[in-house]
1. What is the ratio of the Cα radius of gyration of segment 244-287 to 2.2 N^0.38 Å, where N is its residue count, to two decimals?
2. Between segment 309-344 and segment 196-269, what's the alpha-carbon centroid distance in Å?
3. If you count the DSSP beta bridges with both ends in segment 2-238, what percent of them are antiparallel, to the nearest 5?
4. DSSP loop (so not H, G, I, E, B), at most 10 other Cβ within 10 Å: list which chymotrypsin sites (Phe, Trp or Tyr not before Pro) in segment 234-318 pass both filters.
5. Please check: in the Gaussian network model of the chain (C-alpha springs, under 10 Å), which one of GLY158, GLY26, GLY72 has the largest mean-square fluctuation.
6. Compute the FRET efficiency between ASN270 and HIS145 as 1/(1 + (r/R0)^6), taking r as their Cβ-Cβ distance and R0 = 22 Å, and round to the nearest 0.05.
7. So what is the diffusion coefficient of segment 27-71 in µm² per second by Stokes-Einstein at 25 °C and 0.890 mPa s, using a Kirkwood Rh over Cα pairs?
8. Using only the alpha-carbon atoms, what does segment 150-285 span along each of its principal axes? Please give whole angstrom values in decreasing order.
Amino acid sequence: MINVTKTYLPNKEKYKKYVDEIYSNGWITNNGPLVQKLEKRLADYLDVKHVVLVSNGTIALEIAYRTLNVKGFAITTPFSFVATTSSLVTNQILPIFADINPNTFNIDPKNIENLITQNTSAIVPVHVFGNACEVEEIEKIAQKHNLKVIYDASHAFGVKYKNKSVLNYGDISTLSFHATKLFHTIEGGALIINDDDLVQKARYLINFGIKNTEEIPELGTNGKMNEFEAAMGLCVLDDMEEIKQNRKIVYEIYARELKGLVDSQQQNENATKNYSYFSVLFKDEALLKKVQNRLNENNIYPRRYFYPSLDTLNYIEPKQISLNSRDVSRRILCLPMYGELSLDDQMTIIRILKEAL
Ligand SMILES: Cc1ncc(COP(=O)(O)O)c(C=O)c1O
């Protein structure tokens, strides 16, 4: 069976050494030494000022909104994983959908400004499949209207924009380190924050709002990462260059073999790729289903990602319609994409796809 992705498992002996370390010091959670070590190593690797590790990417988004006091309405993209929107709703913030650019799959800055009202306090764009947003345009709009920007950068691990980390844009960027992601900690996530005071606030918020044994200055939650997850992250981080290189090979074979046959995502020319996803856009949904069925018959499971478009969620009122997002989400499929995908298996996927086309 070939799935859309496969979790990268690092060397077991190396992981066991960390487990031995955890057992000998008995510190398994609550900002332990491995969490602290991973935060420092990630800040270095990603070239950012502060990394705050948390238990998953969804809580990272929630903590970001609470750190920045986002209230009322937030303008976001309807073409994302459901957590981008559901995390807003959970925090009593109404998502206002600005439609996407149908070529880049990212929020179109041209659609943002006319949605801004007195109630808007933030913009929440997503670097879809690791493709950097038009960050400078978004920054201009945010500054003009005094809005916070929180990037859901769950897919953008290691992406550079004009030679600098794309994670430095916005007030906060969030990452997901779920097992299916390019870099992972089993479950996990992070906030990337430049402002020192905000880092402090985020750290209280992930620890129930507690500052010290006598002060609880914030309404917090439990968003802590544990030591076993941090150990996994430290092991995976050691192998990052190899992981990326292997994915690049798979990505480039798809790109070469499928060129001209299907549409694919238009990449931001000022940004690097991290090879985390390979998406294909079919001319219509019927063709997508045909390809999907043929692949499934051969025990190959690509994923309709992202589907459905989030403006169709039944729990969002008032109803909104984003035509580009609905159209793209009906026609898009993410193909199996991971470093250990064998050339034989990949050529089978490509052959079946070509035959179905
Ligand atoms: C764009 C996006 N946002 C948020 C999330 C949520 O992250 P997590 O699964 O770590 O909670 C994901 C993860 O799948 C994602 O792809």
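1. Dividing the Cα Rg of segment 244-287 by 2.2 N^0.38 Å gives 1.26.
2. 21 Å
3. Just about 50 percent of them are antiparallel.
4. In loop regions of segment 234-318 (DSSP not H, G, I, E or B), the sparsely surrounded chymotrypsin sites (Phe, Trp or Tyr not before Pro) are TYR315.
5. GLY26
6. Plugging the Cβ-Cβ distance into 1/(1 + (r/R0)^6) gives 0.40.
7. 208 µm²/s
8. Each principal axis gives a Cα extent; for segment 150-285 these are 64, 35, 29 Å.
Quick note: the coordinates plus some simple rules give every number you see, no bench work behind them. Keep in mind that what you see is a predicted model, and the values were worked out from it rather than measured. Because the Cβ atoms are built from the backbone with ideal geometry, glycine has one as well, and the counts that use them run over all protein chains shown.
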